[in-house]
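Here's the structure we're looking at; comments come further down.
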Amino acid sequence: SMSTIKVDSIQATDETASRGVSGVAAAWVNFNGTGTVAVRESENVASLTDTANGVYIVNFSNSMSNADYAALLGSASVVYDQGTLQDTSTASYVGIKVQDGAVSSFIDATIVSANVSGELA
């Protein structure tokens with residue numbers, strides 16, 4: 001069985017500064033957003049929902065304390081001026097949209113990623 005160590009901050013052995021544990025990724029995911037969407041690797045991700053072209057919902061295994069977390073998003077496709085945007089999000093999921101900036105439509109991407117920092121519930 002796993003043990004839980006409870007701390008307010010952490011510091012790597014080669015660092016001089018410590019950081020609050022809420023700054024460490026609370027969840028992250030890398031998934032294929034084309035065809036049948038599929039998670040490649042993740043932490044604290046229960047499931048993935050493909051709601052429309054380029055529109056996804058990443059459901060957390062353990063919810064955040066609220067919806068005010070920071071989500072760093074990225075994606076890769078053949079479109080040059082593509083943007084990855086945070087869509088409607090709650091404490092239990094982060095919404096992601098991948099947009100083709102040239103035509104303002106949402107597009108599926110071969111790689112979509114999210115790194116979520118904040119406090120878990």
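Remark: the chain carries a charge dipole of roughly 160 debye about the Cα centre, counting +1 on each Lys and Arg Cβ and -1 on each Asp and Glu Cβ. Given Cα pairs under 8 Å that are at least 6 residues apart, what percent is the relative contact order of segment 36-114? For segment 36-114, the relative contact order is 30 percent.
Counting only Cα atoms, segment 28-84 measures 36, 23, 20 Å along its principal axes, largest extent leading. According to the Cα-based calculation, Rg over Rh for segment 4-45 is 1.19, with Rh computed by the Kirkwood formula. In whole percent, and with a 1.4 Å probe on the protein chains, what portion of the accessible area of the chain is carbon and sulfur? C and S fraction of accessible area: 49 percent.
Using the Cβ-Cβ distance between Ser104 and Glu43 with R0 set to 41 Å, the FRET efficiency works out to roughly 0.80. The trypsin sites (Lys or Arg not before Pro) of segment 1-91 meeting both criteria, a DSSP state outside H, G, I, E and B (loop) and at most 16 other C-beta atoms within 10 angstrom of the site's C-beta, are Lys6. Considering every alpha-carbon pair of the chain, the percent of pairs per 5 Å bin, from zero through the bin containing the longest distance, is 2, 11, 20, 20, 16, 12, 9, 6, 3, 1, 0. In this structure, the amide hydrogen of Leu120, modeled 1.01 Å from its nitrogen in the peptide plane, lies closer than 5 angstrom to those of Ser65, counting only residues at least 5 positions away or on a different chain. Using the Cβ of Ser104 as centre and a radius below 13 Å, the other residues enclosed give a net charge of -1, where K and R count +1 and D and E count -1.
Per residue, the accessible area of segment 29-110 comes to 51 Å², computed with a 1.4 Å probe over protein heavy atoms only.
Convex hull over the Cα atoms of segment 62-102, averaged projected area in nm²? Value for segment 62-102: 3.2 nm².
The values are calculated or read from the model by the stated rules, or taken from the named source; none is laboratory data. Please read these numbers as outputs of a predicted model, since none were measured by experiment. Quick reminder, even Gly has a Cβ in these numbers, built from the backbone with ideal geometry, and neighbours come from all protein chains shown. All accessible areas refer to the heavy atoms of the entire protein, side chains included, with ligands and DNA or RNA removed. Shrake-Rupley method; radii C 1.70, N 1.55, O 1.52, S 1.80 Å.
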